[in-house]
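Student: Dropping a structure here in structure tokens format, bear with me for questions.
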Amino acid sequence: MAIVDTVVIGHVVALLLLLAWAIHARGKVGLIAGYDGGLPPDREAELARDAAAVLVVSAAAAGLLVVDAWIGAVPRPGLLVTVAIGAAVAWFLWTWNGRAEPPAE
């Protein structure tokens, strides 16, 4: 069963990393859900960097499920993955929606 888990989760991880690469390296911030293009270029680059970071954290957390499938030594892997992804998403939402915009110069 570990091979099936590895293949299925490997596809998910590959898609997450591909999306992170497209957003960060290629500047495709239009791939971020809800982004309407109203930021200056420097803030847009920060948004791309932070969104890519959340996707990479999600890919790493999903990789923990593969590790558990092979060695079975990770205690409560589903909970750990959920907490890791939830914390990354909460940080992203707080950073981009929960704080005031920087003052205009």
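The values are calculated or read from the model by the stated rules, or taken from the named source; none is laboratory data. Bear in mind the structure is a predicted one, so any value in this text is a computation, not a measurement. Reconstructed Cβ throughout: ideal geometry from the backbone, glycine too, with neighbour counts over all protein chains shown. Side chains included, ligands, DNA and RNA excluded: accessible areas come from the protein's heavy atoms. Shrake-Rupley method; radii C 1.70, N 1.55, O 1.52, S 1.80 Å.
Student: For VAL89, work out the one condition from (1) surrounded by 12 or more Cβ atoms within 10 Å (Cβ to Cβ); (2) free of Cβ contacts under 8 Å to residues at least 12 places away in the same chain it doesn't fulfil.
Tutor: The single condition VAL89 does not satisfy is (2).
Student: Give me the residue from the stretch 29-46 that is in contact with a helix residue (DSSP H, G or I) (Cβ under 7 Å, 6 or more places away or on another chain) and assigned to a helix (DSSP H, G or I) and, out of that set, nearest to VAL81 (Cα to Cα).
Tutor: Among residues in the stretch 29-46 that are in contact with a helix residue (DSSP H, G or I) (Cβ under 7 Å, 6 or more places away or on another chain) and assigned to a helix (DSSP H, G or I), the one nearest to VAL81 (Cα to Cα) is LEU31.
Student: Quick one: which of VAL83, VAL67 is modelled with pLDDT under 95, more than 12 Å from the chain's Cα centre (by Cα) and assigned to a helix (DSSP H, G or I)?
Tutor: VAL67
Student: Being open to solvent by 50 Å² or more (accessible area, probe 1.4 Å) and β-branched (Val, Ile, Thr): is that true of VAL8 here?
Tutor: yes
Student: Determine, yes or no, whether ALA62 is of a type in the set (Gly, Ala, Ser), open to solvent by 40 Å² or more (accessible area, probe 1.4 Å), under 11 Å from the mean Cα position of the chain (by Cα) and at pLDDT 90 or above.
Tutor: No; evaluated as a whole, the condition is false for this residue.
Student: Hey, can you tell me all the residues within the stretch 71-86 that are β-branched (Val, Ile, Thr), farther than 15 Å from THR6 by Cβ and open to solvent by 80 Å² or more (accessible area, probe 1.4 Å)?
Tutor: THR82, VAL83
Student: Here's something else I'd like to know. Regarding LEU39, is this residue open to solvent by 60 Å² or more (accessible area, probe 1.4 Å), more than 19 Å from LEU79 (Cα to Cα) and at pLDDT below 90?
Tutor: Judged against the criteria, LEU39 is not a match.
Student: Now, a different point. Which one of ARG49, ARG26 is modelled with pLDDT under 85, open to solvent by 60 Å² or more (accessible area, probe 1.4 Å) and either in a helix (DSSP H, G or I) or not acidic (Asp, Glu) (or both)?
Tutor: Sole residue among the options that is modelled with pLDDT under 85, open to solvent by 60 Å² or more (accessible area, probe 1.4 Å) and either in a helix (DSSP H, G or I) or not acidic (Asp, Glu) (or both): ARG26.
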